[in-house]
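Colleague: So that we are looking at the same thing, I have put the structure below in structure tokens.
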Amino acid sequence: MRPTRAAYLGFLTWWKYGSTRPESVTPPGAPSPVHLDPNDRRALKKLVHASARNRLSVPIRFWRSMVASLQPDLALDIGANYGECFAGATYPQRTRILALEANPGLIPYLEKTRRAHPSAERMKVIHCLVGDQPAPPRPFFFDPEWTGMGSALEPADAQKRHQILVAVDSVDEILRREFGPVAGRTLLLKMDVEGYEGMVLRGFGTLEAFREVAGIMEFDTLWLGRAGTPAREVFERLASLGRVFDTIRHQPLLKPVRNWSDLAASHGDGDFHTDLVFVSRETALPSGWQVTAH
């Protein structure tokens, strides 16, 4: 980061929070603060500086607007990180909120964030690695100074990462224990687990039983393939739920995706990274989001 830019962001942060490295921030429009490790560079960039500039990421915007539009029975945040998605919304009384996170170092912050939220009694933070089925603990790799890259996939620089064994669970088992029957219910879903999204979906056989589903998912073709879940397979599972849209960075714009070939072609040759939105029906999209063909 350029020195002038760093100084500017530091001043904005100090002006808003009285510190250049606050231990909690309240994103624009959020009902309560998000607690974080002030030494985490990812938190500094994605939460602290973004909040100081009154900016919200596309996943946070979508999550918040879909809560208002869908009024879900269940809000499921898989790969919660510091909880900026699930903690950023105000929920109807009927909504249960589950936040799943594999990084053990984030759990104390998530619990602080949960306790501060107006819907704390209907929220639960669950520490596990979400996969295709319950299994014995397996390695999880993470960098405590950049928590957004934690993954069950062994990275090329694994020797530079922290490694810890984390118990593996599946969404189906978690919902059976924590939520009960899903048939006829409505679901808001966010997945951001660094390439393990396809494994999560393989362990989510009850997904189609929900009456209505809306979600947003990180979609990285290289990492999905490394996990043994071909990107096309993952896309077609999402497409079977209804409609799929590609997102446009920093903007509440959604581009319809008709099929896998169109999605791959729109990103050029080779692997690509994006966030995909999926909904059971296009009319469920919230106000303020524009569907564009470009």
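Colleague: Residues in segment 31-38: is at least one under 23 Å from LEU285 (Cα atoms) and either outside any loop (DSSP other than H, G, I, E, B) or not charged (D, E, K, R) (or both)? Talk me through it step by step, then tell me what you get.
Modeller: Taking segment 31-38 first, the residues under 23 Å from LEU285 (Cα atoms) are 31.
Then drop every residue that is not either outside any loop (DSSP other than H, G, I, E, B) or not charged (D, E, K, R) (or both), which leaves 31.
Scanning segment 31-38 turns up at least one residue that is under 23 Å from LEU285 (Cα atoms) and either outside any loop (DSSP other than H, G, I, E, B) or not charged (D, E, K, R) (or both).
Colleague: Hey, can you tell me all the residues within segment 223-247 that are without any contact (Cβ under 8 Å) to a residue 40 or more places away in the chain and not small (Gly, Ala, Ser)?
Modeller: LEU224, THR229, PRO230, ARG232, GLU233, VAL234, GLU236, ARG237, LEU241, ARG243, VAL244, ASP246
Colleague: From the residues in segment 46-71 that are among the small types (Gly, Ala, Ser) and within 13 Å of THR13 (Cβ to Cβ), which one is farthest from the chain's Cα centre (by Cα)?
Modeller: First, the residues of segment 46-71 that are among the small types (Gly, Ala, Ser): 50-52, 57, 65, 68-69.
Subsequent filtering for residues that are within 13 Å of THR13 (Cβ to Cβ) retains 50-52.
Numbers: ALA50: 16, SER51: 17, ALA52: 21 Å.
Of everything passing the filter in segment 46-71, ALA52 is farthest from the chain's Cα centre (by Cα).
Colleague: Let me ask something else. Hey, could you check segment 265-279 for residues that are without any contact (Cβ under 8 Å) to a residue 40 or more places away in the chain and in contact with a helix residue (DSSP H, G or I) (Cβ under 9 Å, 6 or more places away or on another chain) and say which is farthest from LEU238 (Cα to Cα)?
Modeller: Taking the candidates together, the pick is GLY270.
Colleague: Identify, please: which residue in segment 95-116 is surrounded by 17 or more Cβ atoms within 10 Å (Cβ to Cβ), in contact with a Phe, Trp or Tyr (Cβ under 8 Å, 6 or more places away or on another chain) and of a type outside the set (Ser, Thr, Tyr) and is, among those, nearest to SER32 (Cα to Cα)?
Modeller: For segment 95-116, the residue satisfying everything is LEU110.
Colleague: Now, a different point. Among (1) of a type in the set (A, V, I, L, M); (2) closer than 25 Å to VAL291 by Cα; (3) under 17 Å from the mean Cα position of the chain (by Cα), there is one condition ALA43 misses while meeting the rest; what is its number?
Modeller: Exception for ALA43: condition (2).
Colleague: Going by the conditions given, is LEU153 surrounded by 22 or more Cβ atoms within 10 Å (Cβ to Cβ) and under 18 Å from the mean Cα position of the chain (by Cα)? Full working, then the answer.
Modeller: Details: surrounded by 22 or more Cβ atoms within 10 Å (Cβ to Cβ): no; under 18 Å from the mean Cα position of the chain (by Cα): yes.
It is false that LEU153 is surrounded by 22 or more Cβ atoms within 10 Å (Cβ to Cβ) and under 18 Å from the mean Cα position of the chain (by Cα).
Colleague: Only residues in segment 69-82 that are over 20 Å from PHE219 (Cβ atoms) count as the first member; pair them with residues that are in a loop (DSSP other than H, G, I, E, B) and at pLDDT below 95, Cβ under 7 angstrom, at least 6 apart or cross-chain, and list the lot.
Modeller: Here the result reads SER69/PRO286, each pair linking segment 69-82 to a residue that is in a loop (DSSP other than H, G, I, E, B) and at pLDDT below 95.
Colleague: Continuing with this model, one more query. Being crowded, with 21+ Cβ neighbours inside 10 Å, under 22 Å from MET217 (Cα atoms) and in contact with a Cys (Cβ under 9 Å, 6 or more places away or on another chain), is that true of even one residue in segment 23-35?
Modeller: Checked against the condition, which is being crowded, with 21+ Cβ neighbours inside 10 Å, under 22 Å from MET217 (Cα atoms) and in contact with a Cys (Cβ under 9 Å, 6 or more places away or on another chain), segment 23-35 yields no hits at all.
Colleague: Quick one: is THR206 at pLDDT below 95 and either under 20 Å from LEU74 (Cβ atoms) or not aromatic (Phe, Trp, Tyr) (or both)? Quick ask: steps written out before the conclusion?
Modeller: Working: at pLDDT below 95: no; either under 20 Å from LEU74 (Cβ atoms) or not aromatic (Phe, Trp, Tyr) (or both): yes.
Answer is no for this residue.
Colleague: Next question, about the same structure. Between residues in segment 1-20 that are touching a residue at least 12 places away in the same chain (Cβ under 8 Å) and residues that are hydroxyl-bearing (Ser, Thr, Tyr) and assigned to a loop (DSSP other than H, G, I, E, B), which pairs lie under 8 Å by C-beta distance while being six or more apart or on different chains?
Modeller: Correct list of pairs: THR13/SER19; THR13/THR20.
Colleague: Right, something else. Can you tell me which condition GLN290 does not meet? The list is (1) touching a Leu at 6+ places or on another chain (Cβ under 6 Å); (2) buried (at least 18 other Cβ atoms within 10 Å of the Cβ), and all the others hold.
Modeller: Condition (2) is where GLN290 drops out.
Colleague: Kindly indicate whether ILE174 is touching a Leu at 6+ places or on another chain (Cβ under 8 Å), under 25 Å from LEU207 (Cβ atoms), aliphatic (A, V, I, L, M) and surrounded by fewer than 20 Cβ atoms within 10 Å (Cβ to Cβ).
Modeller: Working: touching a Leu at 6+ places or on another chain (Cβ under 8 Å): yes; under 25 Å from LEU207 (Cβ atoms): yes; aliphatic (A, V, I, L, M): yes; surrounded by fewer than 20 Cβ atoms within 10 Å (Cβ to Cβ): no.
No: the conditions fail for ILE174.
Colleague: Every residue in segment 238-253 that is buried (at least 18 other Cβ atoms within 10 Å of the Cβ) and of a type in the set (Lys, Arg), please.
Modeller: ARG243
The values are calculated or read from the model by the stated rules, or taken from the named source; none is laboratory data. What you see is a predicted model, and the numbers here were worked out from it, not measured in a lab. Glycine gets a Cβ as well: all are built from the backbone with ideal geometry, and neighbour counts include every protein chain shown.
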